[in-house]
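A.B. asks: Supplied in C-alpha cells, the structure appears directly below.
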Amino acid sequence: MAVSEEVLDHTLDLFRALGPIRTARMFAGVGLFVEEDVMFGMITSDGTIFLKSDDSLTPRFLDAGSEPFTYSRTSGPQRVMSYMSLPDSALDDPSEAVTWARLALDPAREAAVKKRAEKARKAARKAAKAGD
C-alpha cells in the first residue's frame, strides 16, 4: 500500500515553513528531503510520519511519546533507531511539527555527509581497481 495523496499533502502542509521539500517514493513509503540530498523524514505506508534522530535527540522524542521506526526481516525483528515518529501533539500543529523537523535536520545533515563520503570512497576504490 502506498502513501495516500491526502497524507502526503497533510505532511507537506505541516512542514511548509521549512521551505521546498522534495519527496521520493521509497518501498511503499515516501522520503522527505530538503537541501537536495538531506532526508529529514519519511512517511510509511500506514501514514506514520518519522523524523531523523540520533542518540542525543532520541530521548526527547521518547519523552514526547514518539516510537522508533522498526521493520522486520526474515531473521526476526530489527529496530532502526535513527527515525522516530512525529509526536502526536504535532500531527495537527504545523508550528510544533516544524520545531521537531528542525531538530531532525542536524542528524539528517550528518547522515547525508556520511553517505556522500561513503559514495566517494566507493567510487575511488572502483576507479583504483579499474586502473590496475
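The values are calculated or read from the model by the stated rules, or taken from the named source; none is laboratory data. Predicted model only: the values in this text are computed from it and were never measured. Methodologically, a virtual Cβ is constructed for each residue, glycine included, from the backbone with ideal geometry; neighbour enumeration extends over all protein chains shown. For accessibility, only protein heavy atoms count, side chains too; no ligands or nucleic acids. Shrake-Rupley method; radii C 1.70, N 1.55, O 1.52, S 1.80 Å.
A.B. asks: Work out the count of Lys pairs in the chain where the Cα-Cα distance is under 18 Å, with the pair 8 or more places apart or on different chains.
C.D. replies: So the count works out to 5.
A.B. asks: In addition: Where only protein heavy atoms count, and the probe is 1.4 Å, what is the accessible area per residue for the chain in Å²?
C.D. replies: I get 62 Å² per residue for the chain.
A.B. asks: If contacts are Cα pairs under 8 angstrom and at least 6 residues apart, what is the relative contact order of the chain in percent?
C.D. replies: That works out to 23 percent.
A.B. asks: Which residue, 108, 47, 68, has the largest displacement toward the positive end of the dipole of the chain when charges sit on each Cβ (Lys, Arg +1; Asp, Glu -1)?
C.D. replies: 108
A.B. asks: Report, in degrees rounded to the nearest 10, the 0 to 90 angle that the Cα long axis of helix 94-130 makes with the longest principal axis of the chain.
C.D. replies: 10 degrees
A.B. asks: Answer rounded, prolate or oblate for the range 18-105, using the Cα gyration tensor with square roots of eigenvalues a ≥ b ≥ c: rounded when a/c is under 1.5, else prolate when a/b is larger than b/c, else oblate.
C.D. replies: Cα axes put the range 18-105 in the oblate bin.
A.B. asks: Here is a further query. How high is the FRET efficiency between residue 92 and residue 60 when r is their beta carbon distance and R₀ equals 22 Å, given to the nearest 0.05?
C.D. replies: It comes to 0.65.
A.B. asks: If you don't mind, another one. Counting only the heavy atoms of the protein chains, how much of residue 73 is accessible to a 1.4 Å probe, in Å² to the nearest 10?
C.D. replies: 140 Å²
A.B. asks: How large is the charge dipole for the chain, taken about the Cα centre, if only the Cβ atoms of Lys, Arg (+1) and Asp, Glu (-1) carry charge, to the nearest 20 debye?
C.D. replies: Result for the chain is approximately 1180 debye, rounded to the nearest 20.
A.B. asks: At a 1.4 Å probe, what is the % contribution of carbon and sulfur to the accessible area of the chain?
C.D. replies: The C+S portion of the solvent-accessible surface of the chain is 54 percent.
A.B. asks: Turning to a different aspect of this structure: Once the piece of chain linking residue 102 and residue 6 is laid out straight, how much longer is it, given 0.36 nm per residue of separation minus the C-alpha distance between them?
C.D. replies: 32.2 nm
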